[in-house]
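Some notes on the structure that comes next.
The values are calculated or read from the model by the stated rules, or taken from the named source; none is laboratory data. Computed from a predicted model, the values in this text were never measured in an experiment. Glycine gets a Cβ as well: all are built from the backbone with ideal geometry, and neighbour counts include every protein chain shown. When the accessible area is computed, the model is the full protein with side chains, heavy atoms only, and any ligands, DNA or RNA have been set aside. Shrake-Rupley method; radii C 1.70, N 1.55, O 1.52, S 1.80 Å.
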Amino acid sequence: MKFSVMASLCFSLIFLCAYKPLNLQKSKIKVITVDAGHGGHDAGCMYGGAKEKDITLKIALKLGEAIEKIMPEVKVIYTRKTDEFIELHERAGIANRNNADLFISVHCNANKKTDVFGTETFSMGLHKSEGNLDVAKRENDVILLEKDYQEQYEGFDPNSPEAHIYFSFLQNAFLDQSLKFASIVEKNFTKCDRESRGVKQAGFMVLWRSKMPSVLIETGFLSNKSDRSLLSSESGQEKIANAIANGVLEYKKVTEGLK
């Protein structure tokens, strides 16, 4: 990276860290955008015949139904309800245009070590480990399937660690709320006997342009036989969806001062 670019990056990071926008948190949670990761010609990770794009869609639809059932006053917006490819920037665009108060992106994880299992919930932020960066790179690689991705993402290179660090700062405004919701989600996973790998931060492009608290939920590892079996079953998908929905309810109560 050239010195001038590095200097510009450092200045931007200092500015973004110091910036504290007004009215970060709305008083009511009225609209939630549920995003099923991948779709169409982007299958996501695949193991044992299970495709991430199919599982995320099933969980996302179940999540939306669960939210509407326990919170009928909340409107759910889906980024996709069928097997179609939606560009990453458009997923955030859908949430922004609908003035969503919360953005939830549902994904499945993968690891070369097949004994790794459990859930992880990410917000935008610095990569605190090489593992977090690897997850972000894998999820962000989808932009290479998009037309004119260099224009849409301002020259972002999904293989560049510096680029991931830069874009992670752009969600700094909603970091506290995102981390709060992420923590609640992971707590609810443990209540339904899921192994929580904790709350983490990484530079996910799907969260970059969202103008509200946003998280990316890795619901389990398709590379792990046990997790894959759970995520491929309807009962497992309902368990995951209900845990997230209960997390939304708890977050809503905390945000609205009801708890």
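Here is how the numbers come out for the structure above:
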quantity	calculated
Where His41, His107 fall by accessible area, highest first, once all protein chains stay in place (1.4 Å)	His41, His107
Approximate shape of segment 66-128 as ellipsoid semi-axes (Cα gyration tensor, √5λ), whole Å, largest first	26, 16, 14
Karplus 3J(HN,Hα) series, Hz, for segment 176-187 with 6.51 cos²θ - 1.76 cosθ + 1.60 (x for Gly, Pro)	4, 5, 5, 5, 5, 5, 4, 5, 5, 4, 5, 4
Residues of segment 35-101: accessible area per residue with a 1.4 Å probe, Å²	43 Å²
Burial ranking of peptide ranges 200-211, 174-185, 86-97 (average Cβ count within 10 Å, highest at the top)	200-211, 174-185, 86-97
Amide hydrogen neighbours beyond the local backbone of Gly220, cut-off 5 Å, H modeled	Asn109, Glu120
5 angstrom amide H check on Lys75, placed H, neighbours 5+ away	Val31, Ile32
Overall form of segment 36-88 per C-alpha gyration tensor (a/c, 1.5; a/b vs b/c)	oblate
